[in-house]
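See below for the structure under consideration.
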Amino acid sequence: GMAPFAVEETERQLDAAWTAVAVEAAVAAWAIARRDLPVDGLGRGLRDPWRAIRPLLPIGREGEAPFDLGPVEAWFRTWEMPA
């Protein structure tokens, strides 16, 4: 019946959710960098992703090259949050 359509719709929604996670993380990383906040003050659950995605973002080099959120999203898709 409708199960294949439900699976396809779920996959579509999950793809959109990963993109939203990447956007939120990129905005947060930019805000941390812009405000020059101490990263050591972040919890481990936030510090590890920040350290991983920060080099993927053109912070301080805005406008020099097209911005690609793909590497940030790819990192989050493979990351396992510590217990």
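Values in this text are rule-based calculations from the coordinates and carry no lab data. Computed from a predicted structure; not experimentally measured. Neighbour counts are summed over all protein chains in view; Cβ atoms, including those assigned to glycine, are modelled from backbone coordinates with ideal geometry.
Annotations for the structure displayed:
- Extreme residue, positive dipole direction of the chain, given options Gly1, Gly43, Phe76 (C-beta unit charges): Gly43
- Kyte-Doolittle at least 0.0, axis length at least 18 Å by Cα - qualifying DSSP helices, the chain: 3-34
- Pairwise FRET efficiency - Glu64 versus Met2, Cβ, R0 = 30 Å, nearest 0.05: 0.05
- Exposure proxy shown here: for Phe67, Phe76, Phe5, the number of other Cβ atoms within 10 Å sets the order, fewest to most, as Phe5, Phe67, Phe76.
- q = 0.12, 0.17, 0.19, 0.23 Å⁻¹, the chain: log10 I(q)/I(0) [Debye, one scatterer per Cα]: -0.44, -0.75, -0.87, -1.13
- Counting other Cβ atoms within 10 Å as a rough exposure proxy, the listed residues Thr19, Thr10, Thr78 run Thr78, Thr10, Thr19 from fewest neighbours to most.
- Mean separation of Cα contacts under 8 Å, 6 or more apart, over the residue count of the chain: relative contact order %: 38 percent
- Fluctuation leader among Ala25, Ala65, Ala33 - the chain, Gaussian network, Cα springs under 10 angstrom: Ala65
- Residue order, fewest to most surrounding Cβ atoms within 10 angstrom, among Leu42, Leu57: Leu42, Leu57
- Using Cβ point charges alone (K and R +1, D and E -1), the dipole size of the chain about the Cα centre works out to roughly 400 debye.
- Near-label residues of the stretch 3-47 by backbone N, under 16 Å of a point 7 Å along Cα→Cβ of Arg54: 25-47
- Environment charge at Gly70 (Cβ cut-off 13 Å; Lys +1, Arg +1, Asp -1, Glu -1): -2
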